[in-house]
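In what follows, a single structure is set out as structure tokens and then discussed.
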Ligand SMILES: Cc1cc2nc3c(=O)[nH]c(=O)nc-3n(C[C@H](O)[C@H](O)[C@H](O)COP(=O)(O)OP(=O)(O)OC[C@H]3O[C@@H](n4cnc5c(N)ncnc54)[C@H](O)[C@@H]3O)c2cc1C
């Protein structure tokens, strides 16, 4: 019915009549466009697919690779992502070809006969039912193919322009982004976000994989952004980073807000200590970096619980 709400039209309802920019689309990148999208990753392709529906807006998407992604790194497709695919009309087809995850089994040596392994635990993948859709395994490259198909069938007949690299950072004009040190690459990502002139910036694990020096530099950068009057929301595994950096901290346990307050308030709240730090660690348990094993466990748990759902204060840094 969604396809035929203006009456039945013979032919493939997924292929829209060409219109606007799709009628006379130049093969080369034009000198001027309304929207230039850099990169055909999931973010770029989702945006491009959406904009491809507006043939009066000249949108082009460029990619420095020579062609389509052949094998992507990601393959775990969360159920809420599949909802997004439904919005573009290809959820059903991708579900058909994907592997569905419905649980996970854990195996250990059999205590009675250690030459054998036995199943010791089975977990349900989505006990709370986050979505009516499924949790899938399908390669990211395949997902991008579906977005590309949607774009090609849209009124604007959009296709990615492969083999084009965007360069615009004057201080690094002679360097390819991929050749920058890891910390600089992460800062470049933040610069890309800043280039959109946002009111609020969301940073998901901005220090993942960074060494202590890079982490300190990232902290300084985020504080500079904060000082420019922008609200910053940070999700981070590194609890020291969060408590040093943030004006307000929102602590989540199993996806629910436990407490929001200053770092001092949150750190000293008994419920936070119980949920994240654990009770009863001894000095003898402390490791070389000064954290007890319970604290180390807490770091990995703390920020895998969910995302904050509260508005960030303007001009502040809020962490979870
Ligand atoms: C090992 C690994 C495993 C992962 N597994 C999962 C998983 O199972 N499930 C999941 O949901 N996520 C997973 N992820 C995360 C997921 O891959 C990313 O979140 C996602 O790819 C980010 O999409 P993006 O569009 O923002 O960026 P990217 O996918 O990085 O795409 C950016 C694109 O921009 C292009 N580009 C960059 N700079 C330029 C330029 N200057 N000019 C032109 N083109 C440019 C790049 O070539 C690239 O194609 C994984 C990531 C890694 C590294």
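Read the figures in this text as sums done on the coordinates, not as results from a lab. Only a predicted model underlies this, so the values are computations on that prediction, with no experimental measurement involved. Note: ideal-geometry Cβ built from the backbone for every residue, glycine included; neighbour counts use all protein chains shown.
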If I go through region 25-51 residue by residue, how many of them are part of a loop (DSSP other than H, G, I, E, B), over 23 Å from residue 133 (Cβ atoms) and within 23 Å of the chain's Cα centre (by Cα)? 2
From (1) within 29 Å of residue 63 (Cα to Cα); (2) surrounded by fewer than 16 Cβ atoms within 10 Å (Cβ to Cβ); (3) without any contact (Cβ under 8 Å) to a residue 40 or more places away in the chain, pick out the condition that doesn't hold for residue 212. (1)
Mind checking which residues of region 43-55 are surrounded by fewer than 17 Cβ atoms within 10 Å (Cβ to Cβ) and near the ligand (Cβ under 7 Å from one of its atoms)? 43
Are any of the residues in region 184-204 touching a helix residue (DSSP H, G or I) at 6+ places or on another chain (Cβ under 9 Å) and assigned to a loop (DSSP other than H, G, I, E, B)? no
In region 56-91, what residues are surrounded by 11 or more Cβ atoms within 10 Å (Cβ to Cβ), more than 17 Å from residue 148 (Cβ to Cβ) and away from the ligand (no atom under 13 Å from the Cβ)? 57, 58, 83, 86
What's the number of the only condition in (1) part of a helix (DSSP H, G or I); (2) in contact with a strand residue (DSSP E or B) (Cβ under 7 Å, 6 or more places away or on another chain); (3) farther than 26 Å from residue 2 by Cα that residue 141 fails to meet? (2)
